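Below is one structure, written out as C-alpha cells; comments come after it.
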Amino acid sequence: MTTQQKNQAQLIYLILAALFIASLVTSNLIFQKFFYWYPFDMEIFGVKLFEISVGLLPYPITFLITDVLSEIYGKKKANQVVIAGIFASLFSLGIIYLGKYAPATEWSPVNNSTFDLVFGATPLAVLASMLAYLFAQFIDIRIYHFWKNFTKGKHLWLRNNFSTFASQFIDTLTVLLLLCSFEIIAWDKFGGLLISGVIFKIMIAAIDTPILYILVYAFRKKFNLKVGEEITNI
C-alpha cells in the first residue's frame with residue numbers, strides 16, 4: 001500500500017469513527033420520543049407493534065459501521081471505535097449534568113423545567129444505553145469475526161446478518177430491562193417495545209446488507225484488498 005493510500009485509509013477510518021460516535025450520542029439524546037412507523041394497527045402486550053423510539057433511527061448505523069470496520073480494518077480497529085463511543089457517551093453525560101444544574105435566565109427560550117423534561121432522564125438513559133451498547137457491540141464484533149474466520153472471508157451476508165441479529169436482540173433486551181428498572185418506561189410496555197425494536201432492527205440489518213456489500217467492494221477496489229484481507233498498517 002502506498003503512502004497516499006495509507007493516508008486515505010486513515011482519513012476514511014476517522015470519518016467512519018466520527019459517524020459512529022455521532023450516531024451513538026444522538027440516539028441517546030433523542031430516545032424519549034416514540035413514533036408509530038407501520039400503517040397497520042396491530043397491538044401486542046398492550047403496545048402497538050411498531051411503536052419505537054426515534055433513538056433507534058441512528059442506532060443501526062453504528063452496527064453497519066462496525067461491520068465495515070471489522071471487514072476492512074480488522075477486529076482491533078473496530079474495538080477501538082467502540083471504546084471511543086463509550087468515552088463520547090460519558091462526556092455527553094457530563095455536559096448534560098452541567099446543563100441541568102446551570103440555572104436558566106428569565107429570558108432563556110428553554111427554561112429549567114423544559115430542559116429537565118427533555119434531558120432529565122438522559123443520564124440514566126445514557127447509562128442504560130451504554131451498558132447495552134457495550135455488550136452488543138463487542139458481541140457483534142466477536143460473532144462477525146467468528147463467521148469471517150469460519151467461512152475464510154466468504155459469505156459476507158452471513159456474518160453481517162448473524163452478528164447484527166444477535167447483537168441487536170441483546171442490545172434491545174438489555175436497554176429495555178434497564179430503562180424499565182429505572183422507571184423511565186413502564187413495565188407493561190416492555191414486551192411490545194422489545195418485539196417492535198427487534199423486528200425493526202432485523203429489518204434494518206437485512207436492508208443494510210447490500211449497502212455493506214457496496215462499501216466493502218469499494219474499499220477492496222480502492223485499496224487492492226483480497227477477500228478476507230484487512231488494512232493493518234495504519
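The values are calculated or read from the model by the stated rules, or taken from the named source; none is laboratory data. Predicted model only: the values in this text are computed from it and were never measured. Because the Cβ atoms are built from the backbone with ideal geometry, glycine has one as well, and the counts that use them run over all protein chains shown. SASA here: full protein model, heavy atoms, side chains in, ligands and nucleic acids out. Shrake-Rupley method; radii C 1.70, N 1.55, O 1.52, S 1.80 Å.
Summarise the accessible area of the chain (1.4 Å probe, protein heavy atoms) by the percent that is carbon and sulfur.
That fraction is 70 percent.
Which of the trypsin sites (Lys or Arg not before Pro) found in the stretch 51-152 are in a DSSP loop and have at most 13 neighbouring Cβ atoms, other than their own, within 10 Å?
Answer by residue number: Lys152.
Among 87-94, 193-200, how do they line up from the highest to the lowest mean number of other beta-carbon atoms within 10 Å?
Highest-to-lowest ranking by the protection proxy: 193-200, 87-94.
Anyone know which of Thr209, Thr105, Thr66 comes out most mobile in the 10 Å Cα GNM of the chain?
Sorting by GNM fluctuation, first place goes to Thr105.
Which option, [x] 59, 43, 28; [y] 54, 51, 37; [z] 54, 44, 29, is the value of Cα extents along the principal axes in Å that was calculated from these coordinates?
[x]
Roughly how many Å² of Val227 are accessible to a 1.4 Å probe, to the nearest 10?
Answer for Val227: close to 90 Å² accessible.
Find which of Leu56, Gly120, Ile207 sits farthest along the positive direction of the dipole of the stretch 3-223, computed with +1 on the beta-carbon of Lys and Arg, -1 on that of Asp and Glu, about the Cα centre.
Ile207
Using bins 10 angstrom wide from zero, how does P(r) for the stretch 71-186 break down, in % of all Cα pairs?
13, 32, 27, 17, 9, 3, 0
Can you compute the charge dipole magnitude of the chain about its Cα centre, using +1 on each Lys and Arg Cβ and -1 on each Asp and Glu Cβ, nothing else charged? Give it in debye, rounded to the nearest 20.
1220
The chain: longest stretch without exposed GluC sites (Glu not before Pro) (DSSP loop, at most 15 other Cβ within 10 Å), sites themselves excluded?
Of all site-free stretches, the longest is 1-105.
Explain nothing, just compute: Karplus ³J(HN,Hα) = 6.51 cos²θ - 1.76 cosθ + 1.60, θ = phi - 60°, for every residue of the stretch 12-19 in order, whole Hz, x for Gly and Pro.
5, 4, 5, 5, 5, 5, 5, 5
Once every DSSP H run of n ≥ 4 in the chain is given -39500 (n - 2.57) and the sum is divided by its residues, what mean residue ellipticity at 222 nm do you get, rounded to the nearest 500 deg cm²/dmol?
-25000 deg cm²/dmol
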